[in-house]
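Asks: Please see the structure below; I have some questions.
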Amino acid sequence: MERREFLTLAAATAAAPLAWAQERRARALRAAPAKQALVGAGHPDTAVWAYDGSVPGPVLRYRQGERLRIEVGNALDADTTVHFHGIRLPNAMDGVPHLTQKPIARNGGKFLYEFDLPDAGTYWYHPHLGSPEQVGRGLYGALVVEERVPPAVDRDLVWVLSDWRLDREAKVVANFGNPRDASHAGRIGNTVTLNGAVRETLEVRAGERIRLRLINASNARIYGLKFEGHAPQVVALDGQPLAPHRPANDRVVLGPAERADLILDCAGAQGSTHRVIDDFYAGREYRLLELRYSNEPAVVRAASPVPRLAPNRIPDPDLAAAERHRVVFGGGMMGAMPDQREHKGLFWTVNGKPVHDGEHRHAPMLELRRNRSCLLELVNDTNWHHPIHLHGHVFRVLSRNGKPNPLQEWRDTVLLEPESRAEIAFVADNPGDWMFHCHVLEHQVTGMMAVVRVG
Ligand code: C2O
Ligand code: CU
């Protein structure tokens with residue numbers, strides 16, 4: 001054998017097992033049109049856009065510290081990307097078109113997402129291009145990163161909450177991004193689904209302990225869930241553990257993109273039923289579903305306190321040394337909307353500027369030195385709710401409306417009430433250009449969006 005040939009062969013054999021192993025570990029995820037029975041009995045199926053054929057997409061499950069490797073294939077007739085919401089990942093894997101990657105081309109494009117999962121918790125994935133329509137038609141799914149030592153529970157359930165604007169034939173009303181929605185509360189639908197269907201019941205067994213991972217995948221709807229006859233405890237918010245506690249008024253409030261992990265102890269009697277209601281919007285309360293207890297004898301388990309999850313290792317900001325910035329969110333109906341002659345179709349501002357969707361190459365709103373602690377005062381100068389999300393980092397919520405926040409929880413999305421303020425702090429330790437935007441998707445694409453650069 002020629003020496004050259006031998007070397008080539010040797011190199012090929014040496015590389016093969018590694019390449020093969022990596023091939024095997026990449027999971028495919030395909031975005032494509034699909035049909036789904038959202039409303040159920042007596043209603044036609046709805047044409048949706050889905051990952052792997054159903055809404056929500058598959059629950060992607062990993063163990064903390066593992067590497068995610070997913071090749072996204074795009075069979076839609078629209079370009080797309082995937083953003084893994086809440087994960088502290090390298091900038092190139094963040095899924096933001098133009099800013100971090102080229103869009104995945106319609107009708108056959110592919111992109112390999114690959115990164116480590118540093119934090120355990122409940123996360124989710126969704127497109128970051130044409131978001132009002134792509135998310136509104138059903139592209140989203142849960143990403144669960146299990147703790148190295150998960151808490152003892154009888155069942156671990158994921159509830160992806162979403163809402164749809166459907167007509168009488170259960171067809172999606174395609175008025176995405178219309179100015180009325182965009183300048184008010186966003187696209188709020190008329191049909192709420194739990195894991196992709198209108199549900200009647202969840203069967204439970206007396207005495208069981210359930211971990212419930214709630215994910216708000218709606219474009220704009222905020223949920224306020226009450227579990228009648230039960231007192232669930234919140235053990236994590238946006239995937240980040242905190243001291244187990246009952247939420248105020250035993251009501252779990254979730255803004256768009258937010259998550260909550262609950263421990264639900266099924267303390268009801270065999271054969272009993274209890275409503276789970278959503279009464280976030282005054283006067284528009286409805287029943288999400290009913291907890292229906294089976295007649296089986298109660299699960300016997302030693303009484304034990306609600307488990308406290310091990311915290312993720314997130315660097316604590318040094319508040320004394322932190323650089324401080326004020327970020328004002330403005331605009332909207334009944335507010336200081338940008339001049340429509342100059343900024344047609346842009347209704348919202350960040351520090352006075354409306355930023356157009358797709359204009360991700362504009363100058364960053366903030367440039368932070370790497371590893372600096374940073375304290376942001378977020379001011380909602382509008383009459384609307386805004387869930388504000390920062391990519392690539394998680395932050396501590398220090399205060400709300402000038403009062404210290406008793407929970408001091410870590411989050412990646414903070415829901416600002418109308419005319420309110422919050423202070424957040426984090427260590428800017430992840431280099432890159434990161435989106436900072438409202439997660440009411442109709443607000444995001446009509447001005448309420450900015451870029452934070454970490455150098
Ligand atoms: Cu859930 Cu900028 O995204
Ligand atoms: Cu908003």
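Asks: Taking interchain pairs and intrachain pairs at least six residues apart, which have beta carbon atoms under 7 angstrom, with the first residue in region 428-454 and open to solvent by 10 Å² or more (accessible area, probe 1.4 Å) and the second among the basic types (Lys, Arg) and more than 9 Å from ligand 2 (Cβ to nearest atom)?
Replies: Cβ pairs passing all conditions: Asp429/Arg370; Asn430/Arg88; Pro431/Arg370; Asp433/Arg453.
Asks: Does Val379 qualify as being within 16 Å of ligand 2 (Cβ to nearest atom) and crowded, with 24+ Cβ neighbours inside 10 Å?
Replies: When the stated conditions are applied, Val379 does not pass them.
Asks: Further question on the same structure: What residue, of Arg199, Arg205, Arg180, is without any contact (Cβ under 8 Å) to a residue 60 or more places away in the chain, charged (D, E, K, R) and open to solvent by 20 Å² or more (accessible area, probe 1.4 Å)?
Replies: Matching residue, one of Arg199, Arg205, Arg180: Arg180.
Asks: Within the group Glu409, Glu423, which residue is away from ligand 1 (no atom under 16 Å from the Cβ), out of contact with any Phe, Trp or Tyr (no Cβ under 9 Å at 6 or more places or on another chain) and closer than 17 Å to Arg324 by Cβ?
Replies: Glu423
Asks: Among (1) more than 25 Å from Gln240 (Cα to Cα); (2) without any contact (Cβ under 8 Å) to a residue 24 or more places away in the chain, which single condition is Gly73 missing?
Replies: (2)
Asks: Here is a check on your reading of the model: is His386 in the same structural domain as His443 (by TED's automatic domain parsing), within 23 Å of the chain's Cα centre (by Cα), within 16 Å of ligand 1 (Cβ to nearest atom) and over 30 Å from Asp116 (Cβ atoms)?
Replies: It is true that His386 is in the same structural domain as His443 (by TED's automatic domain parsing), within 23 Å of the chain's Cα centre (by Cα), within 16 Å of ligand 1 (Cβ to nearest atom) and over 30 Å from Asp116 (Cβ atoms).
Asks: Being under 25 Å from Gln64 (Cβ atoms) and more than 21 Å from the chain's Cα centre (by Cα), is that true of even one residue in region 245-254?
Replies: Within region 245-254, one or more residues are under 25 Å from Gln64 (Cβ atoms) and more than 21 Å from the chain's Cα centre (by Cα).
Asks: Among Pro297, Pro338, Pro315, which is open to solvent by 30 Å² or more (accessible area, probe 1.4 Å), in contact with a strand residue (DSSP E or B) (Cβ under 9 Å, 6 or more places away or on another chain) and in a loop (DSSP other than H, G, I, E, B)?
Replies: None of the others qualify; the one that does is Pro315.
Asks: Here is a further query. So which of Arg400, Arg396, Arg326 ends up being touching a Phe, Trp or Tyr at 6+ places or on another chain (Cβ under 9 Å) and either farther than 30 Å from Gly130 by Cα or away from ligand 1 (no atom under 16 Å from the Cβ) (or both)?
Replies: None of the other options fit; the residue is Arg396.
Asks: Okay, moving on. Can you tell me which condition Lys171 does not meet? The list is (1) of a type in the set (D, E, K, R); (2) within 16 Å of ligand 1 (Cβ to nearest atom); (3) not assigned by TED's automatic domain parsing to the domain that holds Leu29, and all the others hold.
Replies: Going through the list (1) of a type in the set (D, E, K, R); (2) within 16 Å of ligand 1 (Cβ to nearest atom); (3) not assigned by TED's automatic domain parsing to the domain that holds Leu29, Lys171 breaks only (2).
Asks: Return a yes/no flag: does region 263-270 have any residue that is out of contact with any strand residue (DSSP E or B) (no Cβ under 6 Å at 6 or more places or on another chain) and more than 30 Å from Pro418 (Cβ to Cβ).
Replies: Yes: region 263-270 contains one or more residues that are out of contact with any strand residue (DSSP E or B) (no Cβ under 6 Å at 6 or more places or on another chain) and more than 30 Å from Pro418 (Cβ to Cβ).
Asks: Could you list all residues from region 93-137 that are within 16 Å of ligand 2 (Cβ to nearest atom) and polar (S, T, N, Q)?
Replies: Ser131
Asks: I need a count of the residues in region 354-389 that are in a strand (DSSP E or B) and under 22 Å from Ala185 (Cβ atoms).
Replies: Counting residues in region 354-389 that are in a strand (DSSP E or B) and under 22 Å from Ala185 (Cβ atoms) gives 9.
Asks: Let me ask something additional. Can you give me the ranges of the strands (runs of 3 or more DSSP E) entirely in region 221-286 with at least 3 residues that are under 23 Å from Glu208 (Cα atoms), at pLDDT 95 or above and aliphatic (A, V, I, L, M)?
Replies: 233-237, 259-265
Asks: Sticking with this one: Name the one entry in Met365, Met337 that is out of contact with any Asp or Glu (no Cβ under 9 Å at 6 or more places or on another chain), of a type in the set (A, V, I, L, M, F, W, C) and more than 15 Å from Glu442 (Cβ to Cβ).
Replies: Result: Met365 is the single residue among Met365, Met337 that is out of contact with any Asp or Glu (no Cβ under 9 Å at 6 or more places or on another chain), of a type in the set (A, V, I, L, M, F, W, C) and more than 15 Å from Glu442 (Cβ to Cβ).
Asks: Where in region 55-169 are there strands (runs of 3 or more DSSP E), lying fully within it, with 1 or more residues that are open to solvent by 50 Å² or more (accessible area, probe 1.4 Å) and within 24 Å of Leu237 (Cα to Cα)?
Replies: Hits in region 55-169: 60-63, 67-74, 110-116, 155-164.
Asks: With the structure loaded, tell me whether Ala298 is under 30 Å from Glu200 (Cβ atoms) and outside the structural domain of Glu228 (by TED's automatic domain parsing) or whether it fails that test.
Replies: In short, yes.
Asks: Moving on to the next point. In this structure, is Arg361 modelled with pLDDT of 95 or more and open to solvent by 10 Å² or more (accessible area, probe 1.4 Å)?
Replies: no
Asks: What tally of residues in region 210-249 results from selecting those that are open to solvent by less than 10 Å² (accessible area, probe 1.4 Å) and closer than 14 Å to Val306 by Cβ?
Replies: Looking only at that region, the number is 7.
Asks: Follow-up question, since we're still on this one. What do you reckon, is Val355 among the aliphatic types (A, V, I, L, M) and modelled with pLDDT under 95?
Replies: So Val355 passes the test.
Asks: Could I ask something else about it? All but one of (1) more than 13 Å from ligand 2 (Cβ to nearest atom); (2) among the hydrophobic types (A, V, I, L, M, F, W, C); (3) touching a helix residue (DSSP H, G or I) at 6+ places or on another chain (Cβ under 9 Å) hold for Val452; state the number of the condition that does not hold.
Replies: All conditions are met except number (3).
The values are calculated or read from the model by the stated rules, or taken from the named source; none is laboratory data. All values reported here derive from a predicted model rather than from experimental measurement. Heads up, the Cβs are rebuilt from the backbone with ideal geometry, glycines too, and the neighbour counts pull from every protein chain shown. Accessible surface areas use protein heavy atoms only, side chains included; no ligands, DNA or RNA. Shrake-Rupley method; radii C 1.70, N 1.55, O 1.52, S 1.80 Å.
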